[in-house]
Amino acid sequence: MNRTQALNGAAPIGLAHLAWPFFDPAHRELAQQLAQWTAQQPAHEDHLGTDEQCRTWVRRLGQAGWLRHVVALEPGGASSSTAHTRLDTRTICLLRETLAQHDGLADFALAMQGLGSGAISLYGTPEQRQQWLPDVALGQCITAFALSESQAGSDVAAMQCRAEETPNEVVLNGEKTWISNGGIADLYVVFARSRPMNAAASAKASSGISAYLVPANTPGLRIAERIQVMAPHPLARLQLEDCRLPIENRLGQGGQGFKIAMQTLDVFRTSVAAAGLGFARRALAEGLQRARSRAMFGATLAQQPLAQAKLADMAMQVDAAALLTYRAAWMRDQGQSVTMEAAMAKLTATENAQRVIDSAVQLWGGLGVVSGQTVERLYREIRALRIYEGASEVQQLIIGRELLRAAS
Ligand code: COS
C-alpha cells in the first residue's frame with residue numbers, strides 16, 4: 001500500500017476542535033476550505049526528489065493563496081507590536097496542523113516561507129517588505145532563516161559569524177549550519193555578530209548581533225554541504241566569505257538581531273507545536289483505523305482493553321497538546337507576550353506527538369516499521385521537531401526562567 005492509498009483508507013480526521021472557543025468564524029471557514037483543498041493535493045511525490053517536491057509545494061501553496069497567511073504583507077510600521085495584528089498565529093497553526101496530517105513536506109514548505117521571512121514581516125522597512133514579501137507570499141521567492149552555527153545552536157548568543165559594518169555596507173564572514181531550505185532558497189536572513197564578543201566587558205553577547213538580508217546570488221555565499229536527515233528536506237551548511245551587501249540590507253537596528261530572532265521564534269515555535277499536533281492527529285487516525293480492522297485472538301484489536309487503553313492515552317495526549325497550542329496562538333493574537341506559553345506548547349505537542357506516533361506504530365505491529373507506511377513515515381518525521389527551533393531542553397529552560405522572572 002503506498003502513501004496515497006494509505007491516506008484514502010485512513011479514518012477521516014475530524015474538525016471538531018474548531019468548535020473550541022479559541023477560534024473565530026473566519027478561522028473555521030479557512031480550516032474547512034483548507035481541508036478540502038488539501039484532500040485534493042497529491043502527497044509524497046518521491047519521484048520528484050526532495051528539492052523539487054519542496055519547490056512544488058511552495059508554488060502550489062503560493063498559487064492557492066495559503067502562503068499569504070505566513071507573511072505580513074501590509075505596508076506600514078516596522079515595529080513588532082503592530083505586526084502582531086497582522087500575522088495571525090491561529091491561522092498559521094491551523095495551516096500547519098492540516099498540512100502536517102497530509103504530507104510533512106507540505107508543512108515544511110509553508111513553515112519555512114514563514115520562518116524565513118518572519119524577520120522581514122516583523123522588522124522590515126516598507127522598502128524591504130515591498131521588495132521581498134509579495135514574492136514570498138506568491139511562492140516565487142523561497143526563504144531561509146540562517147541563525148544556527150555548529151557551536152551556537154541552543155546558545156544563540158555564542159554565534160561567531162562576523163558582520164563588519166561601514167556607513168554604506170556590511171561584509172559577512174563565517175559559517176551557518178542546519179539551515180532549512182539551504183540550497184533552494186532565493187533569500188537568506190543571516191544573523192551575525194556586528195560587535196565582537198569582548199568589545200565591552202559590560203555588554204551582553206546577545207546585544208552584539210544583527211540581522212541581514214542576503215540574496216542567494218550574493219558573491220561569497222556558497223552552499224558548503226548538503227545535509228541528509230531521516231525525514232528528507234532541503235538542509236545545508238552555508239559558507240560566507242567576504243559577502244558584501246549594502247547597509248540597507250540590515251533588518252532593524254544594529255545589535256537588534258537577537259531580539260529579532262527570538263520574536264520570530266515566538267511566532268513560529270507555536271506553529272511547530274501545531275505541526276506536531278497534525279502528525280499526532282494523523283497517527284491517532286491511523287491507530288483507530290488499524291484497531292478496528294485488525295483481527296486478533298478471535299476479536300478485533302479495538303475490542304481488546306489493552307488497545308482501548310492505548311487509544312485513550314493517545315487521544316488525551318493529542319487534546320493536551322491541542323489545548324496548549326491553541327492557548328499560545330490565541331494569546332499572541334490578543335497581543336500578549338507568549339514566550340513561556342509558546343515554549344510550553346512546543347515542548348508538550350512535540351513530545352506528545354512522539355509518544356502518540358510510537359503507539360500507532362505499536363498498533364500497526366510489523367507493518368508499522370515497513371518503509372513507506374504512513375506510521376513509519378510519521379515516526380521519522382516527528383523526531384526533528386523535538387530539536388529544531390529550540391530543543392525540548394531549551395523550552396524547559398525558557399519556561400523555568402519565565403516562571404522565576406514572574407515570581408521575582
Ligand atoms: N522576545 C523579546 N526579547 C527577548 C526574548 C523574546 N522572546 N527572549 C530574550 N529576549 C531578550 C531578553 O529580554 C534580553 O534583553 P536585555 O538584554 O535587554 O535584557 C536579551 O534578549 C537576551 O536574553 P537572554 O539573556 O535570555 O539570552 P540568552 O543568551 O540567555 O538566551 C535562550 C537563551 C536559550 C533563550 C536562547 O538562546 C534561545 O532561545 N535558544 C534557542 C534558539 C533556537 O531556537 N535555536 C534553533 C535555531 S532555529 S531552527
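A few comments on the model shown:
- Highest mobility in the GNM of the chain, judged by mean-square fluctuation with C-alpha springs under 10 Å and restricted to ALA111, ALA203, ALA345, is found for ALA203.
- Pairs of Cα atoms nearer than 8 Å and 6+ residues apart set the relative contact order; for the chain it is 16 percent.
- Taking LEU301, LEU187, LEU221 in turn, the Gaussian network model of the chain (Cα-Cα springs below 10 Å) assigns the largest fluctuation to LEU301.
- Nearby aspartates and glutamates by direct alpha-carbon distance to LYS176 (threshold 17 angstrom, same-chain neighbours under 8 apart not counted): GLU149, ASP155, GLU164, ASP186, GLU225, GLU241, ASP242, GLU389
- Note, ³J(HN,Hα) from phi for segment 166-174, Karplus 6.51, -1.76, 1.60, rounded to Hz, x at Gly and Pro: 10, x, 9, 8, 10, 10, 9, 9, x
- Qualifying chymotrypsin sites (Phe, Trp or Tyr not before Pro) in segment 295-369, where qualification requires a DSSP coil assignment and no more than 12 other C-beta atoms within 10 Å, comprise PHE297.
- Cα gyration tensor shape of segment 152-199, rounded if a/c is under 1.5, else prolate or oblate by comparing a/b with b/c: oblate
- Karplus-derived 3J(HN,Hα), 6.51/-1.76/1.60, for each residue of segment 297-302, Hz, glycine and proline x: 6, x, 8, 7, 4, 4
- Shape call, segment 85-129: gyration tensor on alpha carbons, a/c limit 1.5: oblate
- Nearest-20 debye value, segment 32-189 charge dipole, Cβ charges on Lys, Arg, Asp, Glu: 480 debye
- Within a Gaussian network of the chain (alpha carbon springs, distance under 10 Å), most fluctuating of ALA39, ALA19, ALA384: ALA19
- Taking amide H as placed 1.01 Å from N in the peptide plane, VAL170 has its amide H under 5 Å from the amide H of LEU245, ILE247, each at least 5 places away in sequence or on another chain.
- P(r) weight above 31 Å for the chain, C-alpha pairs, percent: 37 percent
- 3J(HN,Hα) from dihedral phi, segment 175-192, Karplus parametrisation 6.51/-1.76/1.60, rounded to Hz, x for glycine, proline: 10, 10, 9, 6, 8, 5, 6, x, x, 10, 6, 8, 9, 10, 8, 9, 9, 8
- Where the alpha-carbon atoms of segment 133-226 are placed on the principal axes, they occupy 45, 31, 24 Å, in descending order.
- The base-10 log of I(q)/I(0) for segment 183-240, evaluated at q = 0.25, 0.26 Å⁻¹, reads -0.98, -1.02 [Debye formula, identical scatterers on Cα atoms, solvent excluded].
- Kirkwood-based shape ratio for segment 171-301, expressed as Rg/Rh from alpha carbons: 1.21
- Cross-link reach is defined here as a Cα-Cα straight distance under 14 Å, omitting same-chain residues fewer than 8 places apart; for LYS310 the aspartates and glutamates meeting it are GLU286, ASP358.
- Estimated D of segment 234-284 in µm² per second, where Rh is the Kirkwood radius over Cα pairs and Stokes-Einstein applies at 25 °C, 0.890 mPa s: 170 µm²/s
- Proximity of backbone amide H atoms, modeled 1.01 Å from N, is registered between LEU221 and GLU241 at under 5 Å, excluding neighbours fewer than 5 places apart on the same chain.
- Taking amide H positions as modeled 1.01 Å from N, with prolines and chain starts lacking one, the residues under 5 Å from SER148 and 5 or more places away or on another chain are THR177.
Readers should treat all values here as calculations from the given coordinates under stated rules, not as data from a laboratory. All values reported here derive from a predicted model rather than from experimental measurement. Heads up, the Cβs are rebuilt from the backbone with ideal geometry, glycines too, and the neighbour counts pull from every protein chain shown.
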